[in-house]
1. Are any residues in the stretch 257-290 in the same structural domain as Pro323 (by TED's automatic domain parsing) and free of Cβ contacts under 8 Å to residues at least 40 places away in the same chain, and if so, which ones?
2. Tell me which helices (runs of 4 or more DSSP H) are completely within the stretch 139-202 and hold 1 or more residues being touching a strand residue (DSSP E or B) at 6+ places or on another chain (Cβ under 6 Å) and of a type outside the set (Phe, Trp, Tyr), or say none if there are none.
3. Check every one of the strands (runs of 3 or more DSSP E) wholly within the stretch 336-408 and list those with 3 or more residues that are out of contact with any Phe, Trp or Tyr (no Cβ under 9 Å at 6 or more places or on another chain) and farther than 15 Å from Pro320 by Cβ.
4. Which condition breaks for Tyr324 when tested against (1) within 21 Å of the chain's Cα centre (by Cα); (2) without any contact (Cβ under 8 Å) to a residue 60 or more places away in the chain?
5. Restricted to the stretch 291-314, and to residues that are in contact with a strand residue (DSSP E or B) (Cβ under 6 Å, 6 or more places away or on another chain) and in a loop (DSSP other than H, G, I, E, B), which residue is modelled with the highest pLDDT?
6. Identify, please: which residue in the stretch 348-371 is among the acidic types (Asp, Glu) and surrounded by 12 or more Cβ atoms within 10 Å (Cβ to Cβ) and is, among those, farthest from the chain's Cα centre (by Cα)?
7. Just checking, does the stretch 115-125 include any residue being without any contact (Cβ under 8 Å) to a residue 12 or more places away in the chain, out of contact with any Pro (no Cβ under 7 Å at 6 or more places or on another chain) and surrounded by fewer than 24 Cβ atoms within 10 Å (Cβ to Cβ)?
8. Filter the stretch 139-164 down to residues that are over 17 Å from Leu230 (Cβ atoms) and among the small types (Gly, Ala, Ser) and give me whichever is modelled with the highest pLDDT.
Amino acid sequence: MPPAARLLAEWAARLRPDDIPVTVRENAALRVLDTLGCALAGAREDHVPALLALLERSGEGPCTVVGSALTSGPAPAALVNGAMAHGLDFDDTHADSICHASAVLVPTVLALAESEHLTGQAALTALVAGYETMIRIGMAAPGRFHARGWHATAACGPFGAAVTAGKCLGLAEDGLMAALGIAASMASGVMEFLEDGSWVKRLHPGWAAQSGIQAAILAKGGFTGPATGLDGRFGFLRAALGEAVDVGKRLDDLGHEWETVRSSFKLYPCCHLSHAYLDAITRLKRMGDLRAEEVEDIECLVPAGEAPIICEPVEAKLRPRTPYDAKFSLPFGIAAALARERVDIGVFSQESIGDANLLALTARVRYTIDPDSAFPRTFPGWVRVRLKDGRTLEAREESQRGGPDRPIAPDEVLAKFRDNAAQALPPLRVAALESGILGMESAVDLHSTIALCRGG
């Protein structure tokens, strides 16, 4: 069996626009739009000034920095745009791999589309090649990266970004394989942010995008990387997981099955593992049986693999230390879904985490382990609500809305984009950006469309 990097490089090098079904190309364009909306809404978040200060030291370039008047080279621009796209935790997630692929790959492809003056068709082809690469590497060990303390998006992202960037730069098979080998030495990103609610997870997709672009540029210049960088004796997978992993079995259906379309669009700006629980609470509220003031306590039945991320340590989850910390608290999310009309960007604020009434409701949420969960094949949600009058209400969702098992209409994604983009752009530019991205496949040059994301 050839090394996995050789198989991926061979497939990606051959991939042409017509090899990708129309439905997949359209879905990819919708993901570009969703990701740009998330980045625009995230461009005013508290972590962004530090990113822009870093960028000012990197020099100017041809690439747009979303929501800013600054421009930069491809790698620095992708770093900052990826960190903004992921800053609200509102970007899409692929359940089986537990990867935020779009926040890595959309900044990668848009930066190089500007610097290399790519057609929209070439950009979409490169984007899909990166999606299929990154997701399948994550699927080789579903849930096991997180269990070892690795953020799968950060660890698998450089490989997808290297393929996307390599396609944008016109690398042939050997160049793509070298880029993947180089990326193996750049893959990193740990989950320790969960210990104090600090910002570093926001940086991970941008860091992966930057790494992939740099790996591809180095490969184009003749720099070499090991063909066995993914699955060799000292390769990424064995080093990260402490054991051999058969990534090759995830590559057998490349070009026949498209994992790109199986990523879930997010409807709440918080950790995706919580979403089905919020769906369950919302359903009970909609049925008219549930009001916050009537709740005695709520039990969430949680897969063992989710508990360390959204339920533990219990004390911190019941009293989030920062707004970002609150995004990874299932009890806080449940309380917000009960008490607020909707769980939107404003829920995860300094004011909310100090709201005594909301924290009192958060304290009534507990969890037990569900030993029969389908996680990580799906991100399920199961709640039991005990009311003060003695009644018990129960709702169970096998997966969250927005995923492949419970898809949402494109109109819902567009509505989300419009709401998010309106945080940074005037209405006419939001409409022009939407039209340009949805029609990107026919674009001769994407520069003018991408530039609509700039701020003043």
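1. Arg286, Met287, Gly288
2. On the way: elements: 144-147, 152-168, 173-183.
Once the helices (runs of 4 or more DSSP H) in the stretch 139-202 are filtered for at least 1 residues that are touching a strand residue (DSSP E or B) at 6+ places or on another chain (Cβ under 6 Å) and of a type outside the set (Phe, Trp, Tyr), what remains is 152-168.
3. Working: elements: 365-369, 381-387, 392-397.
Hits in the stretch 336-408: 365-369, 381-387.
4. Failed condition: (2).
5. My answer is Cys311.
6. First, pick out the residues of the stretch 348-371 that are among the acidic types (Asp, Glu): 351, 355, 370.
Still in the running and surrounded by 12 or more Cβ atoms within 10 Å (Cβ to Cβ): 355, 370.
Working: Asp355: 29, Asp370: 25 Å.
Ranking the qualifying residues of the stretch 348-371, first place goes to Asp355.
7. Within the stretch 115-125, the first condition is being without any contact (Cβ under 8 Å) to a residue 12 or more places away in the chain, and the residues that meet it are none.
Scanning the stretch 115-125 turns up no residue that is without any contact (Cβ under 8 Å) to a residue 12 or more places away in the chain, out of contact with any Pro (no Cβ under 7 Å at 6 or more places or on another chain) and surrounded by fewer than 24 Cβ atoms within 10 Å (Cβ to Cβ).
8. Filtering the stretch 139-164 down to residues over 17 Å from Leu230 (Cβ atoms) leaves 143, 146-147, 149, 151.
Narrowing the set further to residues that are among the small types (Gly, Ala, Ser) leaves 143, 147, 149.
Working: Gly143: 90, Ala147: 93, Gly149: 96.
Filtering the stretch 139-164 for residues that are over 17 Å from Leu230 (Cβ atoms) and among the small types (Gly, Ala, Ser), the one modelled with the highest pLDDT comes out as Gly149.
The values are calculated or read from the model by the stated rules, or taken from the named source; none is laboratory data. Please read all numbers here as calculations on a predicted model, not as lab measurements. Ideal geometry is used to build each Cβ from the backbone, glycine not excepted, and the neighbour counts take in all protein chains shown.
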